[in-house]
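What follows is one structure encoded as structure tokens, with my remarks underneath.
The values are calculated or read from the model by the stated rules, or taken from the named source; none is laboratory data. The structure presented is a predicted model; accordingly, all values stated were derived computationally and were not measured. So basically every Cβ, Gly included, is an ideal-geometry build from the backbone, and we count neighbours across all protein chains shown. Ligands, DNA and RNA are excluded from the accessible area calculation, which covers all protein heavy atoms including side chains. Shrake-Rupley method; radii C 1.70, N 1.55, O 1.52, S 1.80 Å.
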Amino acid sequence: HPPRALTYNHMVARLPSRTRLADDQLDRLFRALGDRTRRDIVARVLGGEEASVSTLAARYTMSFAAVQKHVAVLAEAGLVTKRSQGREKLVRGNPKELARARALLTQLEQLWTSRFSQLDAILAEPFPPTE
């Protein structure tokens with residue numbers, strides 16, 4: 001087999017440097033948001049009111065344990081907080097962590113917008129005459 005050419009990802013190279021810990025946290029955040037049920041749970045608890053895991057579980061066709069696991073993934077990512085009140089676990093959304101995700105997506109959007117502008121400028125240049 002011929003050797004594979006190395007590719008260089010300019011997008012990653014131009015993003016502001018972050019620590020490994022920050023990258024791991026962003027990975028957890030986007031992994032948590034990658035699931036439809038978890039996004040729905042976040043949307044339900046972001047309004048500032050707490051919801052019990054039992055109340056959340058009643059809205060889905062999955063088991064209580066499955067909803068508990070989804071909430072645990074969201075809590076690990078920092079998207080929700082949990083607190084105990086008697087036997088209930090109350091869940092509340094964390095808009096600050098969602099804002100971190102939005103900030104990174106905004107950075108990526110600005111990077112790609114800039115690249116498309118550069119490409120537009122290059123394409124608008126006249127071609128040199130051929131002999």
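Would you pick out the residues in the stretch 72-97 that are over 14 Å from Leu33 (Cβ atoms) and among the β-branched types (Val, Ile, Thr)? Reasoning before the result, please.
Restricting attention to the stretch 72-97, the residues satisfying the condition of being over 14 Å from Leu33 (Cβ atoms) are 72, 81-92, 96.
Answer for the stretch 72-97, where residues must be over 14 Å from Leu33 (Cβ atoms) and among the β-branched types (Val, Ile, Thr): Thr81, Val91.
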- Filter the stretch 115-131 for residues that are of a type in the set (A, V, I, L, M, F, W, C) and more than 35 Å from the chain's Cα centre (by Cα); the one that is most open to solvent (accessible area, probe 1.4 Å) is Phe127
- Message: Looking at the stretch 58-70, can you tell me whether even one residue there is surrounded by 16 or more Cβ atoms within 10 Å (Cβ to Cβ) and touching a strand residue (DSSP E or B) at 6+ places or on another chain (Cβ under 6 Å)?
- Response: no
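I need a count of the residues in the stretch 53-82 that are closer than 26 Å to Arg100 by Cβ and free of Cβ contacts under 8 Å to residues at least 40 places away in the same chain.
To start, the set of residues in the stretch 53-82 that are closer than 26 Å to Arg100 by Cβ comprises 53, 56, 67-82.
If we keep only those that are free of Cβ contacts under 8 Å to residues at least 40 places away in the same chain as well, we get 53, 56, 67-72, 75, 80-82.
Of the residues in that region, 12 qualify.
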- Query: Do the conditions hold for Leu90, that is, is it among the aliphatic types (A, V, I, L, M), over 25 Å from Ala22 (Cα atoms) and open to solvent by less than 80 Å² (accessible area, probe 1.4 Å)?
  - Reply: yes
- Query: Does Val91 meet the test of being in a helix (DSSP H, G or I) and at pLDDT 95 or above?
  - Reply: no
